[in-house]
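Here's the structure, in structure tokens; my notes come after.
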Amino acid sequence: MTGSPTNFWQERFEKKQTGWDRDATSPQLLAWLESGALQPCRIAVPGCGSGWEVAELARRGFEAIGIGYTPAADEWTRALLTAQGLSGDVVQADVLTYQPGKPFDAIYEQTCLCALHPDHWVNYARQLRQWLKPRGSIWALFMQMTRPESTSEGVIAGPAYHCDINAMRAIFSAQDWVWPKPPYAKVLNSNVSYELGLHLMLHQER
Ligand SMILES: C[S@@+](CC[C@H](N)C(=O)[O-])C[C@H]1O[C@@H](n2cnc3c(N)ncnc32)[C@H](O)[C@@H]1O
């Protein structure tokens, strides 16, 4: 079993019902790049959507690999890379089963987790951990999508599923990951939601 079926996402891209898409690179990725915190390396972008961040990373000298799920989204990413003469790539694969040929130095996780049903989060976090080199890190944007039926009645609603920071602490355990202290960057996603931006590093000895 995977998350939402590929045809769910395919239809969203075909009908351009992509309200989460900024039509531009995320301001938080730009902030991390421009501060020098995120340096060129081999980086995965799971659930890369239209590919804005894959293109930005490729433009800045990263070996950027998008992992897409639907042909429509992957075509957008490829078109963006081709139009700008960039060397990044997009692989069509399910993030819950994908295995890279070579490990990554870093992962840029922008709202792919929130697209997966929470039943898959432990597996997804395990996947990301396995894709990385020993001192790898995740640059994460965790979607904050609170809904009254979720907070008061326990209904699991989405996508986008709410990435509560306590749940994030549970799946990206502090035994494996160095957690920065809050407050975290708050990045507006649409009129109804925002993301928390933070950098998780694997402990050096692991
Ligand atoms: C909310 S969108 C975010 C897209 C992009 N990261 C952005 O911020 O604009 C979620 C993305 O995850 C992809 N996705 C969902 N489930 C996936 C899976 N199991 N494997 C790979 N990609 C998946 C969807 O196709 C979609 O592009």
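The values are calculated or read from the model by the stated rules, or taken from the named source; none is laboratory data. It should be emphasised that the depicted structure is a prediction, and the values quoted were computed from it without experimental measurement. Cβ sites come from the backbone with ideal geometry, for glycine too, and all protein chains shown count toward neighbours. These area figures cover heavy atoms from the full protein model, side chains too; ligands, DNA and RNA do not enter into them. Shrake-Rupley method; radii C 1.70, N 1.55, O 1.52, S 1.80 Å.
A few comments on the model shown:
- Qualifying positions in the stretch 100-118 - touching a strand residue (DSSP E or B) at 6+ places or on another chain (Cβ under 8 Å), open to solvent by less than 50 Å² (accessible area, probe 1.4 Å) and in a loop (DSSP other than H, G, I, E, B): PRO100, THR111, CYS112
- Subset of the stretch 10-23 that is more than 21 Å from ASP94 (Cβ to Cβ) and near the ligand (Cβ under 10 Å from one of its atoms) - its residue that is nearest to the chain's Cα centre (by Cα): ARG22
Residues are listed down the side, and each one gets a yes or a no for (1) without any contact (Cβ under 8 Å) to a residue 24 or more places away in the chain; (2) within 16 Å of the ligand (Cβ to nearest atom):
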residue	(1), (2)
CYS41	no, no
CYS48	no, yes
VAL54	no, yes
TYR69	no, yes
ASP74	yes, yes
LEU81	no, yes
GLY101	yes, no
